[in-house]
Amino acid sequence: MNARVLVLVALAVPLLGRPAPAASSGATAWVHVRVEEPKQRSRVHVNLPLPAVEAALKAAPHVIASEGRFHLGGHGRHLDIDDFRQMWSALRNAGDTEIVSVEEGDDRVSVSRKGDLVLVRVQEDSGAETVHVDVPVALVDALFSGPATELNVRAAVAELRKLRGDVVRVNDRDSTVRIWIDESAGSEGGK
């Protein structure tokens, strides 16, 4: 699997989530990132309370977006936030539907809307490599609830506070990535 994809998925944690039963009041949500590469004998576990993620986003909002554009890393690559907002509005109103489906040999990519989720699925090499991302509609709505050229990161983080469970899972021949939210400070929650 492309290393850039893995990095993008890992960096997506503040903006993605999966709905689950509401957390009990007063409990602190923790965001966990686990990256393991057994062949290289490498393991990285990151455990952050959600308020720390929120503080980091407030400290560097220009990293995500500025001047009404998403930044995709170097070389002047960017996408207009307002264009994304308009696209999201059309997709949101479409209801349950398959948005994108690509099949090439043993590789499959699909993006669909089902109920309150946008589902992203990637399968490469007959299932040896997979990506699963579930994005709640409410989270995307919150993110795009700001003025025309701004993302409402504060509203998105408020939605994250309500979520529990897996956010992202990536598996390939050489590594695994898992991002999840729970109320435990440890990184072993719900393997």
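Every number here is computed from the coordinates shown, using simple stated rules; none is lab data. Worth saying up front: this structure is predicted, and the values here are computed from it rather than measured. Because the Cβ atoms are built from the backbone with ideal geometry, glycine has one as well, and the counts that use them run over all protein chains shown.
Things worth noting here:
- A Förster radius of 45 Å combined with the Cβ-Cβ distance from Arg43 to Val137 puts the calculated FRET efficiency at roughly 0.85.
- At 0.890 mPa s and 25 °C, Stokes diffusion of the range 71-161 via Kirkwood alpha-carbon radius, µm² per second: 166
- Annotation: amide H of Ser184 within the under-5 Å range of Trp30, sequence separation 5 or more or interchain, hydrogens built in the peptide plane.
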